[in-house]
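J.: If you scroll down you'll find the structure; I have some questions about it.
Every number in this text was worked out from the coordinates using simple rules, so none of it is lab data. No experiment lies behind these values; they were computed from the predicted model shown. Cβ placement follows ideal geometry from the backbone for every residue including glycine, while neighbour counts extend to all protein chains displayed.
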Amino acid sequence: MPWSIGFCAEFLADFEGLHEKVQDELLGQLRLLESCGPALGRPRVDTLNGSRHPNMKELRFEAMNGVWRVAFAFDPKRRAVILVAGDKAGVSQKRFYRNLIRRADERFDRYLSGGEEHVQNT
């Protein structure tokens with residue numbers, strides 16, 4: 001049985017701003033997550049340490065010479081909520097992850113307080 005995946009409302013605008021090749025690769029990776037769910041592990045998915053949410057994960061892929069990380073978390077209904085994405089190529093890892101996790105935590109907090117109306121299914 002496939003897992004449910006959705007974009008938080010704030011990520012939908014981010015997604016639309018990504019290059020089409022990055023969008024396509026991300027959607028391909030999400031299909032893999034959809035079929036494997038939480039069992040999808042390294043090297044594709046790993047835990048984001050430092051998040052307020054113990055179930056915060058990162059999806060990893062490369063596209064257009066970029067090293068992409070996509071923060072997501074499974075909600076109480078077992079849906080993967082895609083929160084934020086970024087290309088970490090050429091930037092300080094510490095700063096990159098600090099910003100990625102901060103934004104992901106903020107968005108997931110808003111999502112959890114607002115419920116399903118804040119998710120667009122992929």
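J.: What does the C-alpha gyration tensor say about the overall shape of region 48-105? Classify as rounded when a/c is under 1.5, otherwise prolate if a/b is larger than b/c, or oblate. Before the final figure, lay out the partial values.
T.: Values: a/c = 2.94, a/b = 1.53, b/c = 1.92.
In terms of gyration-tensor shape, oblate.
J.: Also: Please give, to one decimal in nm, the separation of the simple spin-label points placed at Leu112 and Glu10, each 7 Å out from Cα toward the Cβ.
T.: 1.4
J.: Another question about this same structure. So for Ser51, Ser92, fewest C-beta neighbours within 10 Å to most, what's the order?
T.: Result, fewest neighbours first: Ser92, Ser51.
J.: Take Glu106, Glu25, Glu20 and order them by how many other Cβ atoms sit within 10 Å, fewest up front.
T.: Final ranking by Cβ density, sparse to dense: Glu20, Glu106, Glu25.
J.: Could you work out the helix-only [θ] at 222 nm for the chain, with each DSSP H run of four or more residues adding -39,500 (n - 2.57) and the total divided by the number of residues, to the nearest 500 deg cm²/dmol? Intermediate results must be reported in sequence, preceding the final value.
T.: Numbers: 3 runs with 48 residues, N = 122.
It comes out at -13000 deg cm²/dmol, rounded to the nearest 500.
J.: Could you size up the charge dipole of the chain around its Cα centre, putting +1 on the beta carbon of Lys and Arg and -1 on that of Asp and Glu, and report it in debye to the nearest 20?
T.: That gives the chain a dipole magnitude of about 560 debye.
J.: Determine the gain in length on full extension of the stretch Arg78-Arg98; use 0.36 nm per residue of separation and subtract their C-alpha separation, reporting nm with one decimal.
T.: 4.6 nm
J.: At a 10 Å Cβ-Cβ cut-off, how would you order Lys77, Lys57, fewest neighbours first?
T.: So the ranking, lowest neighbour count to highest, is Lys77, Lys57.
J.: Just check region 4-114 against the gyration tensor rule for me: Cα atoms, a ≥ b ≥ c as the square roots of the eigenvalues, rounded for a/c under 1.5, and otherwise prolate or oblate depending on whether a/b exceeds b/c.
T.: On the way: a/c = 1.32, a/b = 1.15, b/c = 1.15.
Cα axes put region 4-114 in the rounded bin.
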